[in-house]
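In what follows, a single structure is set out as structure tokens and then discussed.
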Amino acid sequence: MPESDTGAPPRLVLVTAAALAVALAVAVAVFALTQRSSSDTAGPLPLVPVPAPAAGSPGCTTLLAAVPTELTSNGTSLKVRTLADPAPPATVAWGTDDPLVLRCGLNRPPELTPTAALRLVNKVQWLQVPGEGASTWYVVDREVYAALTVPDSAGTGPLQQISDTIAAKLAPRPLRFS
């Protein structure tokens, strides 16, 4: 018995159209994943310079030589990021989308007062200065002032890892308020 003409496309056309739709969806997914992994290797990070009069000090040299090449934030490994020229002195960054930035040799933070709330993290005293989308944590009990800017999306791991490095490499000093 011959097939009646129902007006529907032939079966071969339907199968081909479905296969093309699946192939297109796979191609879009592969493209999206490829774009995501290429953004993980973002180019150099431009940073605004800030006054760091002690950036060339022995304390900063010691600290920066000892910082880890990777930090762990919320279970994700953040690798050291190349800084764009001209790079600020005594500065290191990790991660791509919301990088963490460590600066050494800074001036005493004006927020450091005798009544400032300090936090002790792995034997290092920090002063937290909240900002929009990130907090900057100042090391206040060592020979040089350093600051770690941490995005709100990061966990506590990076602060703990940097604290361990500071505690191992720089001796504690009394707080200075002037």
Self-check item: E143 - accessible surface, heavy atoms, 1.4 Å probe, Å² rounded to 10
Solution: 70
Practice problem: Using the heavy atoms of the protein chains and a 1.4 angstrom probe, tell me the accessible area per residue for region 38-84 in square angstrom. | Solution: 57
Quiz item: How high is the FRET efficiency from T69 to D98, r the C-beta distance, R0 22 Å, rounded to 0.05?
Solution: 0.75
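Obtain the radius of gyration and the Kirkwood radius of region 73-116 from its C-alpha atoms and give Rg over Rh.
Details: Rg = 14.0 Å, Rh = 12.7 Å.
Reported Rg/Rh, Kirkwood definition of Rh: 1.11.
With r as the distance between the Cβ atoms of L12 and S77 and R0 = 41 Å, compute the FRET efficiency 1/(1 + (r/R0)^6) and round to 0.05. Don't skip to the answer; put the middle values down first.
Numbers: r = 50 Å, r/R0 = 1.21.
After rounding to 0.05, the efficiency reads 0.25.
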Quiz item: How much of K169 can a 1.4 Å solvent probe reach, expressed as accessible area in Å² and rounded to 10?
Solution: 110
Quiz item: Carbon and sulfur: what percent of region 56-137's accessible surface (1.4 Å probe)?
Solution: 52
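Please pull out the direction-averaged projected area of region 95-178, using the convex hull of its alpha-carbon atoms, in nm² to one decimal place. Intermediate results must be reported in sequence, preceding the final value.
Working: hull surface 21.8 nm².
So the mean shadow area of the Cα hull is 5.4 nm².
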Practice problem: Roll a 1.4 Å probe over the protein heavy atoms and report the accessible area of L64 in Å², nearest 10. | Solution: 50
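For region 37-178, compute the orientation-averaged projected area of the C-alpha convex hull (one quarter of its surface), in nm². Let's see the in-between values first.
Working: hull surface 33.3 nm².
Convex hull of Cα atoms, orientation-averaged projection: 8.3 nm².
The values are calculated or read from the model by the stated rules, or taken from the named source; none is laboratory data. This is a predicted model, so every value here is computed, not measured. All Cβ positions, even for glycine, are placed from backbone atoms using ideal geometry, and neighbour counts span all protein chains on display. When the accessible area is computed, the model is the full protein with side chains, heavy atoms only, and any ligands, DNA or RNA have been set aside. Shrake-Rupley method; radii C 1.70, N 1.55, O 1.52, S 1.80 Å.
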